[in-house]
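**Q** First, the structure itself, so that you have it in front of you.
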Amino acid sequence: MFVRLLTAWVLGLPLLALAQPQPSIDRPFSDADLKAAASLRDRALQGSGAYEVVASLATEIGPRSAGSEGDRAAVAWALNKLTQLGFQNVRAQDVTVPHWARGFAEVAIKEPWPQPLVAAALGGSVGTGEEGIEGDVVQASNIDALKKLSRREVEGRIVYFNTRTERTRDGHGYDQAVRVRLDGASAAAALGAVAVAIRSIGTDSDRLAHTGIMLYAANTPRIPAVALSNPDADMLERQLGSGRPVTLRLKLSARDLPPKRSANVIGEVAGSGADAGAAHEIVLLGAHLDSWDLGTGALDDGAGVAIVIAAARLIRELKPAPKRTVRVVLFANEEFGLSGANAYAAQAGSELARHVIAMEADLGAGPAWRFETRVPGAMLPKTQFIAKALQPLGVERGGNAAEGGSDLNPLRRQGVPVFDVDLDATKYFDYHHTANDTLDKIDAKALDQSVAAYAVAAYLAAVASGDFGRVPASAAEK
Ligand SMILES: [Zn+2]
């Protein structure tokens, strides 16, 4: 300090400028910025309003899968809610979404001990036709294990994947297990299988099946695919364990319908930056508006919708508003193919370069426990200030390999730096994509704490001196 003072004196600069430290590269936040962040944190903890938002969405709209009536109603709900809550520049961005209808799923063991099973079609599965499909079951623990079987062992049979989902705080157990849901049907069809059943990708033992998107490869037959509830998967495995041939029967009426119109819903807290440059820079807070059809989408992703709306709303109440614009984007159709995310990135044009940071909430209702970043190495010291502001919430500093949430994939791939406020996913995959995704699973206090973390991180990104650079494409993808 003495050296700086002396230099200033020698250069004849006014000492006043040093008496009130201004943000700089070494000091990216003013004392006022850090104080405002702390006040945001405290106000969120006292009651952020997020629970009321998710209760409204779950109660007034409920299930809202892409292309459904609920999807349309959710877009109207979101436009209304953002307007009511005082957001600026509230608008809908048109998105065309695929429309898949679940229909019914009847699945039963025929031999050796006949029993009906609780099952759900995987999202995107074809139906079986009126006659249904019956076949002997061949079991595999994952796709690699399946590929070790010969065509003769699989052809004409129904492949059953018994992959278990490990319970983890950061959700990596899900990431590891989900591949059988995504690619299992095509891997089985390549060996001549007639249908696929999987153990639900979920950590519960409720008699409810977990749905979720599956994908067909271009060059293999499209075969029906279902998930069994975990207790039914246990039972199927016991019957298989008897050593007797097990026969399964499936009848699904799932089908594709013509695409529909949906929308990303956007609202902003306009930046107050005196120079137009800063006000036109964007800190994006994202969540997805659609849900699966079996539950009410309270956790996935009603909670995320509520977290980002409540966080931005608290930021809006600050005077002055941050210099950058905080933009809430409620993405259309994340679950069934990222339609909204792709449309947003495609239409961003020159605005893409002005996205300073993007964050998404899509891992349940909290609490927040870790802060990860994906920024160029030179920007890491700046993010340490944010990590420090999150510490009183019990949020620890993670690494610099944040993913940003699936709706942010297209932005991240183009170099936009991302933050992850990781929400505790220990129980999330008990309910994920099931009929049990309902409001009672949400704790208002944990939700408020999550809002506090998102609000602090977004606010500090919106006031930081200088941006967070760009993450080169090569480093952006693992
Ligand atoms: Zn989700």
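What follows is calculated from the coordinates using simple rules that are stated; it is not laboratory data. Note that the structure is predicted; figures quoted are calculated from it, not measured. Ideal geometry is used to build each Cβ from the backbone, glycine not excepted, and the neighbour counts take in all protein chains shown.
**Q** How high is the relative contact order of the stretch 59-116, in percent, with contacts defined as C-alpha pairs under 8 Å that are six or more residues apart? Before the final figure, lay out each step's value.
**A** Working: 35 pairs, mean separation 15.1, N = 58.
26 percent.
**Q** May I ask which residue of Pro221, Ala278, Val154 lies farthest towards the positive end of the charge dipole of the chain, with charges of +1 (Lys, Arg) and -1 (Asp, Glu) on Cβ and the Cα centre as origin?
**A** Positive-most Cα among the choices belongs to Ala278.
**Q** For the stretch 128-182, what is the Kirkwood hydrodynamic radius in Å, using each pair of distinct C-alpha atoms?
**A** Values: mean 1/r = 0.0772 Å⁻¹.
Kirkwood hydrodynamic radius for the stretch 128-182: 13.0 Å.
**Q** Restricting the calculation to Cα positions, tell me the Rg (one decimal) and the Dmax (whole number) of the stretch 16-164 in Å.
**A** 27.2, 87
**Q** Please express the Cα-Cα pair-distance distribution P(r) of the stretch 326-478 as a list of whole percents, one per 5 Å bin, running from 0 to the bin with the greatest distance.
**A** Per 5 Å bin, starting at 0, the Cα pair percentages come out as 2, 9, 18, 21, 21, 16, 9, 4, 1, 0.
**Q** Once label points are set 7 Å from the Cα along Cα→Cβ at both Asp175 and Glu111, what is their separation, rounded to one decimal in nm?
**A** My value for the distance between the label points is 4.4 nm.
**Q** Check each of the GluC sites (Glu not before Pro) in the stretch 92-149 and keep only those in coil by DSSP with at most 13 other C-beta atoms within 10 angstrom; list them in order.
**A** On the way: sites: Glu106, Glu130, Glu131, Glu134; in loops: Glu130, Glu131.
Here the sparse-neighbourhood loop sites are Glu130, Glu131.
**Q** Above 27 Å lies some portion of the pair distances; for the chain, what is it as a whole percent of all C-alpha pairs? Intermediate values should be presented prior to the final figure.
**A** Numbers: 64525 of 114003 pairs.
Value for the chain: 57 percent of Cα pairs lie more than 27 Å apart.
**Q** With charges set only on the Cβ (+1 for Lys and Arg, -1 for Asp and Glu), what does the dipole of the stretch 103-223 come to about its Cα centre, in debye to the nearest 20?
**A** Values: 14 positive and 15 negative charges, 72 e Å.
Using only the charged Cβ atoms, the result is roughly 340 debye.
**Q** Kindly provide the helix-only [θ] at 222 nm of the chain, computed as the sum of -39,500 (n - 2.57) over DSSP H runs of four or more divided by all residues, to the nearest 500 deg cm²/dmol?
**A** Rounded to the nearest 500, the figure is -10000 deg cm²/dmol.
**Q** Residues of the stretch 310-334 with backbone nitrogen within less than 17 Å of a virtual label 7 Å along the Cα-to-Cβ line of Arg354, please, listed as ranges.
**A** Taking a point 7 Å out along Cα→Cβ of Arg354, the residues of the stretch 310-334 whose backbone N falls under 17 Å are 322-329.
**Q** Taking the mean number of other Cβ atoms within 10 Å as a proxy for protection, how do you rank 409-421, 455-467 from highest to lowest? Display every interim value, and only then the final one.
**A** Working: 409-421: 22.1, 455-467: 25.2.
Ranking, from highest mean packing down: 455-467, 409-421.
**Q** Which angle from 0 to 90°, rounded to the nearest 10, does the C-alpha axis of helix 69-84 make with the longest principal axis of the chain?
**A** 10 degrees
**Q** Related question: With angles folded into 0 to 90 degrees, how steeply does helix 339-348 sit against the dominant principal axis of the chain? Use alpha carbons for both and round to 10.
**A** With both axes taken from Cα atoms, the answer is about 30 degrees.
**Q** What number results when the radius of gyration of the stretch 79-128, computed over Cα atoms, is divided by 2.2 N^0.38 Å?
**A** Its radius of gyration relative to the 2.2 N^0.38 Å reference: 2.17.
**Q** Relative contact order, percent, of the stretch 185-328 when contacts are C-alpha pairs under 8 Å separated by at least 6 residues?
**A** On the way: 187 pairs, mean separation 31.6, N = 144.
Dividing the mean separation by the residue count of the stretch 185-328 yields 22 percent.
**Q** Which residue, Ala361, Pro322, Leu294, has the largest displacement toward the positive end of the dipole of the stretch 267-374 when charges sit on each Cβ (Lys, Arg +1; Asp, Glu -1)?
**A** Pro322
**Q** Output the peptides 177-188, 374-385 sorted from most to least packed, where packing is the average of other Cβ atoms within 10 Å over each peptide's residues. Before the final figure, lay out the partial values.
**A** Working: 177-188: 23.2, 374-385: 16.9.
Result, highest mean Cβ count within 10 Å first: 177-188, 374-385.
**Q** Moving to a separate point now. Within the stretch 55-99, name every residue whose backbone N is under 13 Å away from a label modeled 7 Å from Cα of Leu257 along the Cβ vector.
**A** 64-73, 97-99
**Q** Do you know the relative contact order of the chain, to the nearest whole percent, from alpha carbon pairs under 8 angstrom that are 6+ apart? Walk me through the numbers on the way to the answer.
**A** Values: 1167 pairs, mean separation 104.5, N = 478.
RCO, the chain: 22 percent.
**Q** Distance from the Cα centre of the stretch 269-290 to that of the stretch 337-391, in angstrom?
**A** Taking the Cα centre of each part, the stretch 269-290 and the stretch 337-391 sit 13 Å apart.
**Q** Moving to a separate point now. Specify the angular offset, from 0 to 90 degrees and rounded to the nearest 10, of the alpha carbon long axis of helix 304-316 from the longest principal axis of the alpha carbons in the chain.
**A** Approximately 10 degrees, to the nearest ten.
**Q** Quick one, can you get me the convex hull of the C-alpha atoms of the stretch 274-364 expressed as volume per residue in Å³? The partial results should precede the final answer.
**A** Values: hull volume 7.3 nm³, N = 91.
Given the Cα convex hull of the stretch 274-364, per-residue volume reads 80 Å³.
**Q** Hey, what do the phi angles of the stretch 122-131 turn into as Karplus ³J(HN,Hα) couplings, whole Hz, using 6.51/-1.76/1.60 and θ = phi - 60°, x for Gly and Pro?
**A** Values per residue, Gly and Pro as x: 6, x, x, 4, 6, x, 9, x, 3, 6 Hz.
**Q** Restricting everything to alpha-carbon atoms, can you work out Rg to Rh for the stretch 196-286 with a Kirkwood hydrodynamic radius?
**A** Working: Rg = 23.4 Å, Rh = 18.5 Å.
Across the stretch 196-286, the Cα-based Rg/Rh ratio is 1.27.
**Q** Within the stretch 82-155, report the trypsin sites (Lys or Arg not before Pro) that DSSP leaves as loop and that have at most 12 other Cβ atoms within 10 Å. Could you put the intermediate results ahead of the total?
**A** Numbers: sites: Arg91, Arg102, Lys110, Lys147, Lys148, Arg151, Arg152; in loops: Arg102, Lys148.
Within the stretch 82-155, the qualifying trypsin sites (Lys or Arg not before Pro) (loop, at most 12 other Cβ atoms within 10 Å) are Lys148.
**Q** Related question: When the dipole is taken about the Cα centre of the chain, and only Lys, Arg (+1) and Asp, Glu (-1) are charged at their Cβ, what size is it in debye, to the nearest 20? Intermediate results must be reported in sequence, preceding the final value.
**A** Working: 50 positive and 55 negative charges, 169 e Å.
In debye, rounded to 20, the chain gives about 820.
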